[in-house]
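Here the structure is laid out as structure tokens; the discussion comes afterwards.
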Amino acid sequence: MIKTLLTLALIAVAIPAVAAPAPRPATVAVRMQDRKFTPQIIRMKAGRPTRLLFINRDRTEHDFYAPAFFGSARMSPRDVGALSKNRVNVRSGETRVITVTPRAGHYDVKSTKALDVASGMQGQILVF
């Protein structure tokens, strides 16, 4: 009996633990059209990987500039490489995807394109 228990204990230790699968990222679509972001207030959960899907259906290029947000979020090297000076540039008709793991906070976002700035193309990111 003791021999059987010892054998079972050794087998249990020898079998590697199966890791729980990583949670699937949430997806937030951000539309860039008519000189505005939709939604203007983006809500995310802190620490949860989130795919940001930037969709530009306008005839002009837009950008999504959020230096404090991108500076505090965790991102893969590939996603960091997709940023240009803490902004995502999205050409006319293009869709871009970046996955981030955000930190809690309240972040401002805006477009830095001249006509977008004049039109007030801006929003907020709320991470809780």
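Observations on the model:
- Single residue of the range 80-128 satisfying the filter (farther than 20 Å from ARG31 by Cβ and charged (D, E, K, R)) that is farthest from the chain's Cα centre (by Cα): LYS85
- Scope the range 58-77; condition of a type outside the set (A, V, I, L, M) and either in contact (Cβ under 8 Å) with a residue 60 or more places away in the chain or surrounded by 14 or more Cβ atoms within 10 Å (Cβ to Cβ) (or both); matching residues: ASP58, GLU61, HIS62, ASP63, PHE64, TYR65, PRO67, PHE69, PHE70, SER72
- Helices (runs of 4 or more DSSP H) fully within the range 1-88 counting 3 or more residues that are modelled with pLDDT under 90: 2-14
- In the range 97-127, residue nearest to ARG59 (Cα to Cα) [restricted to those that are of a type in the set (A, V, I, L, M, F, W, C) and in a strand (DSSP E or B)]: VAL97
The values are calculated or read from the model by the stated rules, or taken from the named source; none is laboratory data. All values reported here derive from a predicted model rather than from experimental measurement. All Cβ positions, even for glycine, are placed from backbone atoms using ideal geometry, and neighbour counts span all protein chains on display.
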